[in-house]
Amino acid sequence: MLASKAVSMAASRRKVRSLVSLSRRLSTNLPDTPDTPPGSQPPVAQERRPKKDPNGCSVLLFPGQGSQFVGMGRGLLKYPNVKEMFSVAQKILGYDLLSLCLEGPEEDLQKTVHCQPAVFVTSLAAVERLHYENPKAIETCVAAAGFSVGEFAALVFSGAMNFAEALYAVKVRAEAMQKASELVPSGMLSVIGKPQAQYKYACLQAKEHCKSLGVQEPVCSVANYLFPDGRVIAGHQQALDFLQQNSRRLQFIRTKPLPVSGAFHTELMASATEQLRDVLRQVEVRRPEISVYSNVDGKRYMSESHMRRQLVKQLVLPVKWEQTLHEIYERMQGERFPHTYEVGPGRQLGATLQKCNRKAFQMYAHVEVTTHEE
């Protein structure tokens, strides 16, 4: 059994390496600094990034699963490298991702195995548009963050991962999460609460309810911290049903089930961690050239091993997006905010930024992924 696993891992490693050359020309990594001589090693990030006026800098935010929609990518195909990116994706994934993004069907695009790669590639294609239309936004970028699978796109943009290798890791991640979600009926519930709402206590009550129904080791926990009084709770379906039925008593203003296949960012994803850990051992990871923030704790990635550990933990721990935004946009009083670009489908990250930091949101823009007619 160990021998067969070793053969399988070796084969997948060869597949990863054979795909690398396909994406070397893509400009989704940060462009070289103009004053770096050809063939020379760039200096470490801290030495080549003197303190800048925040008003002249930018931050890129990459969306996650749930932002996808049929037609995304249609407005990006005329920009450099985008068609090649989707061509590379077809070789890695084994299906026509571009056709799925542009034409659907929607039920296929919504599947975890498809939408994670779709959001990843479309987001990096949006970077190509931004690079073409506003190169300064790329050149002056000092930080990036991504929501869940969006973190992989942020790491590719930062120079920490190669496009093809990261996409292969996203493919493995999505397939493993899909399998984990099929083990038990589970889901995710978006919750807007009153200031006095106690989310952990509500989850505890929901788990007690599940036990009364005979559910063994029920799971119900906060999976996403979005903004003040905005959470996503995930777990066994019976627990989520309890929360909806008792929402008024629990001080919830609004509850809405999310169209996802399982309880992501909870213990119910534990079976997916080993596959992701294996593939992350195979891909090359480098220290980011800009600050990239981890969903696990909202802190900057510090090393290659740190990235590998956090990306695996991210599957079973909540996305601390609100905390990440506070970390990125913390300022001395009177200090100006950077330009913020949401690169990818949807505007959800802009909406959360507006609720977390209105002043930072004044410098926000969304990079469209469709044509203006749509």
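The values are calculated or read from the model by the stated rules, or taken from the named source; none is laboratory data. The model shown is predicted, which means the values in this text are computed figures rather than measured ones. Cβ coordinates were reconstructed from backbone atoms using ideal geometry, including for glycine residues, and neighbour counts include every protein chain displayed. Surface accessibility is based on the protein's heavy atoms, side chains included, excluding ligands, DNA and RNA. Shrake-Rupley method; radii C 1.70, N 1.55, O 1.52, S 1.80 Å.
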Judged on accessible area alone, 1.4 Å probe, highest first, S58, S99 line up as S99, S58
Between region 184-247 and region 316-362, the Cα center-to-center distance that results, in Å: 25 Å
May I ask for the net charge around F120, where only other residues with Cβ less than 13 Å from the Cβ of F120 are counted and Lys, Arg are +1 while Asp, Glu are -1? 0
Express the relative contact order of region 66-172 as a whole percentage, based on alpha carbon pairs under 8 Å and six or more residues apart in sequence. 31 percent
Set Lys and Arg Cβ to +1 and Asp and Glu Cβ to -1, take the dipole of region 86-200 about its Cα centre, and tell me which of P117, P105, G193 lies farthest positive. G193
Nonlocal amide H pairs with C141, under 5 Å, H built at 1.01 Å: S58
Beyond 21 Å (Cα-Cα) in this structure, taken from K136/K299; K194/K355; K256/K355; K83/K136; K313/K359, we find K136/K299; K83/K136; K313/K359
May I ask you to evaluate 6.51 cos²θ - 1.76 cosθ + 1.60, the Karplus curve with θ = phi - 60°, for each residue of region 317-329 and list the ³J(HN,Hα) values in order in whole Hz, giving x for glycine and proline? 10, x, 7, 8, 6, 4, 5, 5, 4, 4, 5, 5, 9
Mean shadow area of region 287-374, taken as a quarter of the surface of its Cα convex hull (nm²): 7.3 nm²
Give me the mean projected area, in nm² to one decimal, of the convex hull enclosing the Cα positions of region 56-133. 5.3 nm²
Can you run phi through the Karplus equation (6.51, -1.76, 1.60; θ = phi - 60°) for region 218-235 and list ³J(HN,Hα) in whole Hz, with x for Gly and Pro? x, 10, 7, 7, 5, 9, 9, 9, 9, 6, x, 6, x, 9, 10, 10, 9, x
Under 5 Å between amide H atoms, partner at least 5 residues away or on a different chain: which partners does Y364 have, H built in plane at 1.01 Å? T340
Share, in percent, of DSSP beta bridges within region 166-325 that are antiparallel, nearest 5: 90 percent
